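The values are calculated or read from the model by the stated rules, or taken from the named source; none is laboratory data. If you're wondering where the values come from, they're calculated on a predicted model, not measured in any experiment. With ideal geometry, Cβ positions are generated from the backbone for all residues, glycine too; neighbour counts draw on all protein chains shown. Heavy atoms of the whole protein, side chains included, go into the accessibility calculation; ligands, DNA and RNA do not. Shrake-Rupley method; radii C 1.70, N 1.55, O 1.52, S 1.80 Å.
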Amino acid sequence: MRAGLVAGNWKMHGGLAANQALLAALKIRLVARDGVGYAVCAPFPYLHQVGAALAGSAVAWGAQNLSEHDAGAYTGEVSGAMLREFGCRYVLVGHSERRALYGETDQQVAAKFVAAQRSGLTPILCVGETLEQRERGETELVVRRQVEAVLDAAGVAALANAALAYEPVWAIGTGKTASPAQAQAAHEFIRALVGKREKGLAAQIAILYGGSVKPGNAKELFAMPDVDGGLIGGASLVADDFVAICEAAETK
Ligand code: PEP
């Protein structure tokens with residue numbers, strides 16, 4: 001059986017006091033279980049706080065972005081080595097907000113994925129279509145392009161230390177969720193895509209669903225055979241909600 005993961009994406013939210021309360025609750029309420037891991041991906045300035053607050057807990061932590069470069073004259077950028085040096089484990093790569101708002105291309109996302117692994121981080125590669133693309137029947141085309149850009153750059157073996165997240169853009173932060181059947185279809189497609197290159201890895205890799213996951217819909221989404229957990233935005237900022245979503249993954 002493959003291991004699942006529920007990862008919170010705080011986006012550009014947080015503050016020292018609010019973080020401390022949230023992290024203290026997660027540390028107490030999320031206990032280690034076989035078959036599912038938990039993580040929070042926080043803004044850069046708070047990573048030290050997050051690492052310290054979660055030390056000794058069942059919750060890992062990560063960043064939301066990194067540079068594709070290792071070092072140099074890249075003002076404002078943060079390298080994988082910097083993140084890894086103080087204990088960061090995960091990093092989101094290719095979140096749709098990075099692609100849409102900051103113009104990250106498939107090639108740049110692939111370079112970031114490679115840079116993350118070069119630094120010893122575990123990338124969580126986000127892919128997904130916009131509403132217009134779905135309505136034009138291009139979901140598979142878009143997702144294939146996004147996944148294959150990374151497989152071509154990193155090699156399929158790189159997926160042994162990575163997770164994928166299917167995040168339909170139209171469901172992120174909108175309150176609209178993909179139906180369990182829509183999520184399953186996309187996840188099955190992504191797994192088959194990986195399986196064309198390496199069957200064993202396709203069976204092993206965790207594919208998370210992201211897009212308005214809440215305590216009320218998590219269980220039915222996670223019940224799908226190819227949905228191995230979630231990438232959780234808004235609901236990861238509320239301890240009760242994030243814990244409830246993690247619990248829904250535990251009972252899969
Ligand atoms: C996300 O930011 O990756 C996300 C899925 O957000 P939300 O859960 O708020 O839709």
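Quick notes
- Hits in the range 163-179 - residues which are open to solvent by less than 30 Å² (accessible area, probe 1.4 Å) and not hydrophobic (A, V, I, L, M, F, W, C): 166, 167, 168
- Per-region count, the range 71-85, residues under 22 Å from the mean Cα position of the chain (by Cα) and open to solvent by less than 80 Å² (accessible area, probe 1.4 Å): 5
- Residue match in the range 123-132 (condition: open to solvent by 20 Å² or more (accessible area, probe 1.4 Å), free of Cβ contacts under 8 Å to residues at least 60 places away in the same chain and of a type in the set (S, T, N, Q)): yes
Listed here are the residues, each with its yes/no results for (1) farther than 17 Å from residue 109 by Cβ; (2) in contact (Cβ under 8 Å) with a residue 24 or more places away in the chain.
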position: 50; (1), (2): yes, yes
position: 55; (1), (2): yes, no
position: 59; (1), (2): yes, yes
position: 63; (1), (2): no, yes
position: 71; (1), (2): yes, no
position: 76; (1), (2): yes, no
position: 84; (1), (2): yes, yes
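- The one condition in (1) more than 11 Å from the ligand (Cβ to nearest atom); (2) in contact (Cβ under 8 Å) with a residue 24 or more places away in the chain; (3) not basic (Lys, Arg) that residue 185 fails to fulfil: (2)
- Residue match in the range 10-22 (condition: of a type in the set (D, E, K, R), in contact with a Pro (Cβ under 9 Å, 6 or more places away or on another chain) and open to solvent by 20 Å² or more (accessible area, probe 1.4 Å)): yes
- Given (1) out of contact with any helix residue (DSSP H, G or I) (no Cβ under 6 Å at 6 or more places or on another chain); (2) closer than 20 Å to residue 62 by Cα; (3) of a type outside the set (S, T, N, Q), index of the condition residue 120 fails: (1)
- The residues of the range 218-243 that are within 11 Å of the ligand (Cβ to nearest atom), open to solvent by less than 20 Å² (accessible area, probe 1.4 Å) and in a helix (DSSP H, G or I), listed by number, are 218, 235, 236, 242.
- Scanning the range 36-59 for residues that are farther than 17 Å from residue 122 by Cβ, within 17 Å of the chain's Cα centre (by Cα) and in a loop (DSSP other than H, G, I, E, B) returns a single hit, 43.
Table: residues versus (1) over 17 Å from the mean Cα position of the chain (by Cα); (2) farther than 14 Å from residue 36 by Cβ.
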residue: 212; (1), (2): no, yes
residue: 220; (1), (2): yes, yes
residue: 227; (1), (2): no, no
residue: 233; (1), (2): no, yes
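- Flag for residue 93 being farther than 20 Å from residue 127 by Cα, within 19 Å of the chain's Cα centre (by Cα) and hydrophobic (A, V, I, L, M, F, W, C): no
- Taken over the range 87-107, the criterion of being over 21 Å from residue 160 (Cβ atoms) and surrounded by 15 or more Cβ atoms within 10 Å (Cβ to Cβ) is satisfied by 87, 95, 96, 97, 98, 99, 104, 106.
- Any hit, the range 195-207, residues being assigned to a strand (DSSP E or B), at pLDDT 95 or above and either open to solvent by 10 Å² or more (accessible area, probe 1.4 Å) or within 16 Å of residue 6 (Cα to Cα) (or both): yes
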